[in-house]
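The values are calculated or read from the model by the stated rules, or taken from the named source; none is laboratory data. Note that the coordinates shown come from a computational prediction; the quantities given were computed from them, not determined experimentally. Cβ placement follows ideal geometry from the backbone for every residue including glycine, while neighbour counts extend to all protein chains displayed.
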Amino acid sequence: MEKNIDLCGMGNGLVDLQYEISEENLANLKIAKGLMTLVSEEEQAKYLELLKGKNEHKCSGGSAANTVIGFTQFGAKAAYNTVLGNDKYGQFYASEFKELGIELQAELLDDAPTGTCLVLITPDSERTMLTSLGASAKFETKHLSEEVIRRSKWIYLEGYKLSQPESAEALFKAVELAKKHDTKVAFTFSDVFIINAFFDGVKKITEQSDLIFCNEQEAIAYTKANAFDDAITKLAGCRSNAVVTRGPNGSLVLYDGKKYIIPAYEGKPIDSTGAGDMYAAGFLWGIIKLNDPEKAGHLGSISSAKVVTQMGPRLDSSHFPFFKENIKLA
């Protein structure tokens, strides 16, 4: 069968609800700043009640979903595999993906609501997230489509899915199917918490991946290194190619035995939501379409720098002429 899908993402299906709030407002909510915290459906409802009346920006998301959406924006064919609730948020999510031209594989469950992620953005552009997984927590092996994996050139797996045993098994099965059908595997660690709490699962997928994405702290946590340079030495000895993002210090790409130092690009940050997700989108586009890890790194870096200058995890269409000029995509 022809591989007519460039990238298939697998991850949480969440509706992002973004709010700009003050430092005082955040302190009053009594939650840890700058982190992603899992909350129950009941707790999420209470937070939503406290935020009632504030301006809300709504979009379909989830970490891997943000990457797939960004990847599609560059002009490529993508699919996404998740689980949604059969409710207004689930229908909103499905309709957005249809408009975006992404092939969505998502069962609508009657016994669980669509997951939501409250993204609280303070004046320093830092984002604090409260995530209620809802139906996403029920993602399991039966929700995979072997046909879609067979048709895909790459799959992109979200580390957050390792937090649920059934979802973790689904990722392991997806890797197995990818190997069966000569589909390449990319994997994002997602969070230091995932590495520390589910290390064996992270290691199992990493060792079978063609490409991993992580930030500096995640690289150190995974390799159990004492410092960044030590972590990079250990990653260079792994089978997988690796991309390590470093915020204002740019990023480092280890690909086919070569090392590329990629600079950070300038941009006045307003909302850091989706910076890492958009980097992955740009990099994957560059690898899949250009087969050039250095250009892919620059495209990822520019994408990340641009997305933080606006609200939300998706690039504004006005940014694309800039990419074509600097990366010579056209």
Q: Taking residue 210 as the residue in question, decide whether it is under 30 Å from residue 150 (Cβ atoms) and touching a residue at least 12 places away in the same chain (Cβ under 8 Å).
A: yes
Q | One residue from 163, 145 being modelled with pLDDT under 95, surrounded by fewer than 22 Cβ atoms within 10 Å (Cβ to Cβ) and not acidic (Asp, Glu) | A | 163
Q: Those residues that are under 20 Å from residue 245 (Cβ atoms) and of a type in the set (S, T, N, Q), I need them from the range 166-215; list them, please.
A: 188, 190, 196, 206, 209, 215
Q) With respect to the numbered conditions (1) of a type in the set (S, T, N, Q); (2) surrounded by 12 or more Cβ atoms within 10 Å (Cβ to Cβ); (3) not in a strand (DSSP E or B), which one is the sole condition not fulfilled by residue 18? A) (3)
Q.
Looking at (1) touching a strand residue (DSSP E or B) at 6+ places or on another chain (Cβ under 6 Å); (2) more than 18 Å from residue 116 (Cα to Cα), which one does residue 75 not meet, given that it meets all the others?
A. (1)
**Q.** Elements of type helices (runs of 4 or more DSSP H) contained in the range 188-275, each with 2 or more residues being under 23 Å from residue 62 (Cβ atoms) and within 19 Å of the chain's Cα centre (by Cα)
**A.** 192-197, 199-206, 216-223
Q: At least 3 residues that are within 14 Å of residue 14 (Cβ to Cβ) and under 20 Å from the mean Cα position of the chain (by Cα) in each: list the strands (runs of 3 or more DSSP E) lying fully within the range 86-141 that qualify.
A: 115-121, 127-132
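Residue 47 - would you say it is among the hydroxyl-bearing types (Ser, Thr, Tyr), closer than 21 Å to residue 185 by Cα and either in contact (Cβ under 8 Å) with a residue 40 or more places away in the chain or part of a helix (DSSP H, G or I) (or both)?
For residue 47, the condition - among the hydroxyl-bearing types (Ser, Thr, Tyr), closer than 21 Å to residue 185 by Cα and either in contact (Cβ under 8 Å) with a residue 40 or more places away in the chain or part of a helix (DSSP H, G or I) (or both) - is not met.
Identify, from the list 80, 47, the residue that is at pLDDT 95 or above and either of a type outside the set (Gly, Ala, Ser) or in contact with an Asp or Glu (Cβ under 9 Å, 6 or more places away or on another chain) (or both).
Answer to the selection: 80.
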Q) Among the numbered criteria (1) of a type outside the set (Val, Ile, Thr); (2) at pLDDT below 95; (3) part of a helix (DSSP H, G or I), which single criterion is violated by residue 174? A) (2)
Q | All positions within the range 290-322 that are buried (at least 18 other Cβ atoms within 10 Å of the Cβ), modelled with pLDDT of 85 or more and in contact with a strand residue (DSSP E or B) (Cβ under 9 Å, 6 or more places away or on another chain) | A | 293, 296, 297, 298, 300, 301, 304
Q. So, of the residues in the range 1-15 that are hydrophobic (A, V, I, L, M, F, W, C) and within 30 Å of residue 113 (Cβ to Cβ), which turns out to be surrounded by the fewest Cβ atoms within 10 Å (Cβ to Cβ)?
A. 5
Q: Evaluate the range 216-239: report whether one residue or more is under 22 Å from residue 156 (Cβ atoms), polar (S, T, N, Q) and touching a strand residue (DSSP E or B) at 6+ places or on another chain (Cβ under 6 Å).
A: no
Q: Test each condition in (1) more than 17 Å from residue 304 (Cα to Cα); (2) at pLDDT 95 or above; (3) buried (at least 16 other Cβ atoms within 10 Å of the Cβ) for residue 203 and report the one that comes out false.
A: (3)
